[in-house]
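Step one of this worksheet: look at the structure below.
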Amino acid sequence: MLMWIIVGIVVVIVVGAIYIYNGLIRSKVRVDEAWSDIDVQLKRRYDLIPNLVETVKGYAKHEKEVFEKVTETRTQAMNANGLEAKGKAENMLSDTLKSLFAVAENYPQLKANENFMKLQDELTDTEDKIQAARRFYNSNVRDFNTKIQVFPNSLLAGILGYKARDFFQTEESEKEPVKVDFEEK
C-alpha cells in the first residue's frame, strides 16, 4: 500500500512538472513570436524610409541635415543589438522621422505629391503596426515573467535557467509633444 502511495506521488510530481515545463515553453515561444512581429514591422519601416527620404529630397534639397540625421538613425536602429539598445534606437528614429514630416509641411507641392502621400500613409500604417506589435510583445512578456515567478513554476524555471524578459518601452522623450520650428535658415 505504501508503495502505491509513493508511486502515485511520483506520478503526480512528474505530470505536474511536465505540465509546468510545457507551459513555460509555450510562454517563451509566444514572447519570441511577439518579438519577431516587431522585427518584421521594423524591417518594413527600414525599407520605406529611403524611399520617403528620396521623395522629400526632390522638393527640399537644402534640408540636407535632416536627411543625414534620418539616414544615420535608421542605420543605428538597424544595427542595434539587445532589447534596450533596440528600443532607444527605434525611439530616436521615430523622433527623426517626425522632423522629416515637419520639413515636408513647408512644401505644399510635396504634400500634394501622390508618391509622398502614399509613402507617408504606409509609414503611418507601419508605425501603428509597430505599436500594436509592442503591446502584443509586452503582454506576452508580462505573462511569461508572471509564469516564471509564481510557485511552483519558479522552481522549474530556475532549474531551466529562465530569466525575466525586459519590456519594450517608450522613452520619456516619446511621451512629450513634438516641437516644430519653421524658422527660415
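Structural remarks
- The simple spin-label model puts a point 7 Å past each Cα toward its Cβ; for GLU114 and PHE151 those points are separated by 6.8 nm.
- Extension gain for PHE167-ARG142 works out to 8.2 nm (0.36 nm per residue, less the C-alpha to C-alpha distance).
- Summed residue charge, Cβ within 14 Å of MET78's Cβ, Lys/Arg positive, Asp/Glu negative: +2
- Length released on extending from LYS88 to PHE101, taking residue separation times 0.36 nm less the Cα-Cα span: 2.6 nm
- For the chain, a simple Cβ point-charge model (Lys and Arg +1, Asp and Glu -1, everything else neutral) yields a dipole of about 820 debye relative to the Cα centre.
- Here the chain was treated as a single set of alpha-carbon atoms; its pair distances binned every 10 Å from 0 give 8, 28, 24, 15, 10, 7, 4, 2, 1, 0 percent.
- Contour excess over end-to-end distance, with Cα ends at MET78 and MET1 and 0.36 nm allotted per residue: 21.3 nm
- Span-rule helices in the chain, defined as complete DSSP H runs reaching 18 Å or more along the axis (Cα) with Kyte mean at least 0.0: 2-59, 83-104
Read the figures in this text as sums done on the coordinates, not as results from a lab. The model shown is predicted, which means the values in this text are computed figures rather than measured ones. Note that each Cβ is placed from the backbone with ideal geometry, even for glycine, and that neighbours are counted across all protein chains shown.
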